[in-house]
């Protein structure tokens with residue numbers, strides 16, 4: 001027990017001494033270790049910073065790698081797009097070259113058209129200047145006529161006043177002559193009584209008495225009879241009141257056939273900027289066929305009044321320079337009676353007017369303004385030309401009568417149309433009539449008739 005206690009105390013003291021020594025040594029070692037830990041911390045901080053930098057660099061590298069892969073794909077896309085762009089540029093170049101060629105040809109055509117328009121404008125200016133000169137001359141003539149009429153009216157008034165004065169004088173003279181005639185009658189009666197008494201007294205006066213009586217009674221008999229007109233020789237039957245007698249001739253198209261048509265010996269000698277077509281027509285058909293067709297080499301529908309046999313026809317086509325046309329009503333014309341139509345067109349105004357029996361049935365504007373119907377074409381009545389002088393269709397042929405057909409080279413006024421419809425004289429400016437027809441084909445018949453009632 002004692003030994004164990006001593007051993008314990010020795011062990012404890014040794015431990016305490018060792019602890020003290022260890023503490024002193026630890027304190028010294030701690031003092032020696034402080035700069036090492038600081039370096040270690042700095043290294044840790046540097047390592048941490050290095051890690052951060054390396055991470056950022058790695059991220060940048062990874063991003064750059066992704067970018068490089070994206071760049072490759074983008075380069076492929078760009079190459080494909082560039083190839084597509086080159087192909088589209090090549091097609092664009094080819095299209096542009098073709099467009100340029102077409103534009104060049106179009107410009108050439110446009111220049112030709114401009115030259116034609118300039119020529120037309122110069123001719124129009126000449127026509128307008130001539131018309132203005134003619135209008136000024138007409139105005140001067142009208143003014144002179146008005147002044148002459150005024151002088152004539154003044155003279156007639158003077159003559160009427162002098163005639164009135166002479167009438168009063170004549171009345172007075174007639175009264176005096178009547179008195180003289182009465183006195184002469186009384187004298188003659190007395191003379192007759194004397195002659196009768198002389199005849200009774202002397203028989204020798206019997207022979208000369210008839211001479212005396214005839215010489216005496218003849219003047220009395222002449223003065224006593226009322227005045228009578230001498231019967232005139234027998235005159236031809238006069239026309240009825242209101243008859244239309246300015247048609248000159250009529251043309252008959254009996255049936256629907258491609259062989260029935262009439263050809264004019266000449267077309268239009270000059271180009272038309274204004275035009276009026278008037279005719280009397282009568283059809284017993286249920287449609288109105290083609291009345292007129294004017295064709296040239298470049299266009300077979302320069303001027304057409306086109307009709308066709310359809311189930312329900314209500315209009316015909318008024319064509320000027322195909323494909324431009326206007327529709328004109330025809331229902332009032334299909335009753336089997338005579339009707340008068342006039343179609344007017346003006347290139348200067350681009351307007352048209354359509355009259356039926358001198359009443360305006362249709363009108364319009366913006367129709368081929370500035371257009372010219374050229375000269376040198378083929379003009380046919382009764383058929384529609386699909387080529388110059390031919391290409392007929394029997395469904396488009398005209399069936400019926402046409403009378404007084406006339407074309408003017410100007411736009412007639414409503415007053416002139418009314419005068420034509422009522423049978424007065426035709427106005428000036430006529431270009432073509434039925435007298436200019438050269439050939440009749442098929443069963444077409446043409447005969448003269450002065451008045452419409454005999455057509």
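Rule-based calculations on the coordinates, nothing more; no lab input. Since the model is a prediction, treat every value here as computed from it, not as a measurement. Here the Cβ positions follow ideal geometry from the backbone for every residue, glycine too, while neighbour counts run over all protein chains shown.
Sort all Cα-Cα distances of region 274-337 into consecutive 5 angstrom bins from zero, then give the percent of pairs in each bin up to the one containing the longest distance.
4, 16, 25, 25, 16, 10, 3, 0
Along its principal axes, what span do the Cα atoms of region 52-107 show, with the longest given first and each in whole Å?
Projected onto its principal axes, the Cα set of region 52-107 covers 74, 16, 5 Å.
For residue 179 and residue 63 in the same chain, what is the full-extension length gain: residue separation times 0.36 nm, less their Cα-Cα distance, in nm?
Full-extension gain reported as 26.6 nm.
Please work out how much length the chain gains when fully extended from residue 324 to residue 91, using 0.36 nm per residue of separation minus the C-alpha to C-alpha distance, in nm with one decimal.
80.2 nm
Sort 330, 195, 152 so the one with the fewest other Cβ atoms within 10 Å of its own Cβ comes first.
Arranged by neighbour count, lowest to highest, 330, 195, 152 become 152, 195, 330.
By how many nm would the segment from residue 369 to residue 49 grow when fully extended, if each residue of separation counts as 0.36 nm and the alpha-carbon distance is taken off?
Result for the pair: 106.1 nm of gain on full extension.
Which order do the peptides 247-254, 348-355, 96-103, 302-309 take when ranked by the mean count of other beta-carbon atoms within 10 Å per residue, highest first?
So the peptides 247-254, 348-355, 96-103, 302-309, ranked by packing, come out 302-309, 247-254, 348-355, 96-103.
Listing 384, 372, 159 from the residue with the fewest other Cβ atoms within 10 Å to the one with the most, what is the order?
With the sparsest Cβ surroundings first, the list reads 159, 372, 384.
How big is the gap, in Å, between the Cα center of region 128-173 and the Cα center of region 264-282?
Region 128-173 and region 264-282 have Cα centres spaced 39 Å from each other.
Tell me the volume per residue, in Å³, of the convex hull enclosing the alpha carbons of region 249-454.
Roughly 109 Å³ of hull volume per residue.
Using the number of other C-beta atoms within 10 angstrom as an exposure proxy, rank 56, 270, 276, 421 with the fewest first.
56, 270, 421, 276
Specify the inter-centroid distance of region 381-455 and region 292-322, based on alpha-carbon positions, in whole Å.
If we compute the Cα centre of each part, the gap is 15 Å.
Set the Förster radius R0 to 35 Å, insert the Cβ-Cβ distance between residue 360 and residue 114 as r into 1/(1 + (r/R0)^6), and round the FRET efficiency to 0.05.
Efficiency at R0 = 35 Å is approximately 0.45.
Sorted by mean Cβ packing within 10 Å, highest first, what order do the peptides 358-367, 408-417, 392-401 take?
392-401, 408-417, 358-367
How many nm is it between the label spots at residue 310 and residue 170, if each spot is 7 Å from the Cα in line with the beta carbon?
Between residue 310 and residue 170, the simple spin-label model gives 7.0 nm.
Cα centroids of region 35-53 and region 363-377: how far apart, whole angstrom?
Taking the Cα centre of region 363-377 as reference, the centre of region 35-53 is 103 Å away.
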